[in-house]
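> Okay, here's the structure, questions in a sec.
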Ligand code: AMP
């Protein structure tokens, strides 16, 4: 039957009908939300779900509510046929690929917003982003009724926001975190890497290299401010055009950490631009 997979459904009603049958049969269900343009990072989430759940649903939806007015909604890569081939090769059961009108019908008026965690890092420069994410993820959770959902540490702040939301709203789903998948030179895989020119692609691994060095310095006792100052200069020297943020934050609250303490897990986070392309990454301080 693998040649008929994944079944592609585009309506909430069809998704619900399929999942209801699985649940009645006692199958566990894993959900992997994506915006498509699938790469090996997404596929790591998919493989994990396939290994841990009887059935796996991958959603492909470029969610307009999480893009700001000046962001790349219109140019975001859309590669549905290729995405479905990749999912077929792994044996994914179902792809949920709704149109915007299916997710946000005429009159849609509700937003889910998470305070605190969304204020710094990506939330500071992208004011509507996490409300859009929390809203669409809540919808996907309610639509799919999965047992587990898989999220990448690449978007670490998003992962914490989703965990907080699930706890606060008593959504009955387990959130599973998956380690960031990188190219051999350290660059975190991202759909947005497709925007990079060859020269920008050559500069891009500096983001991870600098983050790892900032984390190393902070772990060795250097104050965060000094390590960050070094890192900002290094990123600009490596060819980044603009730095949105470079910070060392508590791994649970995302509050800035002035000095690392081994009993308080921390991570180094960055977002920086190569031309118009905004790349993000984060690494643990250990
Ligand atoms: P996106 O399609 O960018 O919304 O990402 C969908 C999911 O894949 C999110 O949970 C991301 O954190 C995750 N993801 C994206 N890139 C990577 C990566 N390089 N490694 C692991 N997970 C990733």
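The values are calculated or read from the model by the stated rules, or taken from the named source; none is laboratory data. Here the structure is a predicted model, which is why all the values come from computation and not from measurement. Neighbour counts are summed over all protein chains in view; Cβ atoms, including those assigned to glycine, are modelled from backbone coordinates with ideal geometry.
> The conditions are (1) in contact (Cβ under 8 Å) with a residue 60 or more places away in the chain; (2) within 13 Å of the ligand (Cβ to nearest atom); (3) surrounded by 18 or more Cβ atoms within 10 Å (Cβ to Cβ), and residue 83 fails exactly one of them. Which is it?
(1)
> Now for a separate question. Need pairs with beta-carbon distance below 6 Å; first residue closer than 16 Å to residue 5 by Cα and without any contact (Cβ under 8 Å) to a residue 24 or more places away in the chain and within segment 28-56, second within 7 Å of the ligand (Cβ to nearest atom) and not in a strand (DSSP E or B); sequence gap 6+ or separate chains.
Short answer, once both residue conditions are applied: none.
> For segment 9-21, indicate whether the set of residues that are part of a helix (DSSP H, G or I), within 13 Å of the ligand (Cβ to nearest atom) and surrounded by fewer than 21 Cβ atoms within 10 Å (Cβ to Cβ) is non-empty. If you could, list the steps in order and put the result at the bottom.
Going through segment 9-21, the residues part of a helix (DSSP H, G or I) turn out to be 12-21.
From what is left, the residues that are within 13 Å of the ligand (Cβ to nearest atom) are none.
Scanning segment 9-21 turns up no residue that is part of a helix (DSSP H, G or I), within 13 Å of the ligand (Cβ to nearest atom) and surrounded by fewer than 21 Cβ atoms within 10 Å (Cβ to Cβ).
> Filter segment 123-152 for residues that are over 16 Å from the mean Cα position of the chain (by Cα) and at pLDDT below 95 and give the result. Before you say what the answer is, go through the steps one by one.
First pass over segment 123-152, keeping only residues over 16 Å from the mean Cα position of the chain (by Cα): 124-125, 127, 139, 142-147.
Within segment 123-152, 125, 127 meet the criteria.
> Considering each of 131, 110 in turn, give the residue that is touching a residue at least 12 places away in the same chain (Cβ under 8 Å), farther than 15 Å from residue 68 by Cα and touching a helix residue (DSSP H, G or I) at 6+ places or on another chain (Cβ under 8 Å).
Working: 131 fails: farther than 15 Å from residue 68 by Cα.
Answer to the check: 110.
> Checking residue 240 against (1) touching a strand residue (DSSP E or B) at 6+ places or on another chain (Cβ under 7 Å); (2) not in a loop (DSSP other than H, G, I, E, B), which test does it fail?
Failing condition for residue 240: (2).
> What residue, of 56, 75, 65, is out of contact with any strand residue (DSSP E or B) (no Cβ under 8 Å at 6 or more places or on another chain), over 21 Å from residue 135 (Cβ atoms) and within 15 Å of the ligand (Cβ to nearest atom)?
On the way: 56 fails: out of contact with any strand residue (DSSP E or B) (no Cβ under 8 Å at 6 or more places or on another chain); 65 fails: over 21 Å from residue 135 (Cβ atoms).
Only one candidate qualifies: 75.
> Which residue, of 38, 31, 43, is closer than 21 Å to residue 177 by Cβ, buried (at least 22 other Cβ atoms within 10 Å of the Cβ) and out of contact with any strand residue (DSSP E or B) (no Cβ under 7 Å at 6 or more places or on another chain)? Lay out the reasoning, then the answer.
Details: 31 fails: out of contact with any strand residue (DSSP E or B) (no Cβ under 7 Å at 6 or more places or on another chain); 43 fails: buried (at least 22 other Cβ atoms within 10 Å of the Cβ).
Criteria check complete, one pass: 38.
> Here are some conditions: (1) in contact with a helix residue (DSSP H, G or I) (Cβ under 6 Å, 6 or more places away or on another chain); (2) surrounded by fewer than 22 Cβ atoms within 10 Å (Cβ to Cβ). Residue 272 meets all but one. Which one does it not meet?
Among (1) in contact with a helix residue (DSSP H, G or I) (Cβ under 6 Å, 6 or more places away or on another chain); (2) surrounded by fewer than 22 Cβ atoms within 10 Å (Cβ to Cβ), the lone unmet condition for residue 272 is (2).
> Taking segment 137-152 as the search range and keeping residues that are surrounded by fewer than 22 Cβ atoms within 10 Å (Cβ to Cβ) and assigned to a loop (DSSP other than H, G, I, E, B), which one is nearest to the ligand (Cβ to nearest atom)?
The selected residue is 147.
> Residue pairs, Cβ under 7 Å, 6 or more apart or interchain, first in segment 187-205 and closer than 15 Å to residue 241 by Cα and free of Cβ contacts under 8 Å to residues at least 24 places away in the same chain, second within 15 Å of the ligand (Cβ to nearest atom) and in a loop (DSSP other than H, G, I, E, B). List them.
Qualifying pairs under 7 Å: 205/185; 205/186; 205/187.
> Do we find that residue 134 is surrounded by 21 or more Cβ atoms within 10 Å (Cβ to Cβ), under 24 Å from residue 270 (Cα atoms) and within 14 Å of the ligand (Cβ to nearest atom) in this structure? Show your work before the answer.
Details: surrounded by 21 or more Cβ atoms within 10 Å (Cβ to Cβ): yes; under 24 Å from residue 270 (Cα atoms): yes; within 14 Å of the ligand (Cβ to nearest atom): yes.
Spelling it out, residue 134 is indeed surrounded by 21 or more Cβ atoms within 10 Å (Cβ to Cβ), under 24 Å from residue 270 (Cα atoms) and within 14 Å of the ligand (Cβ to nearest atom).
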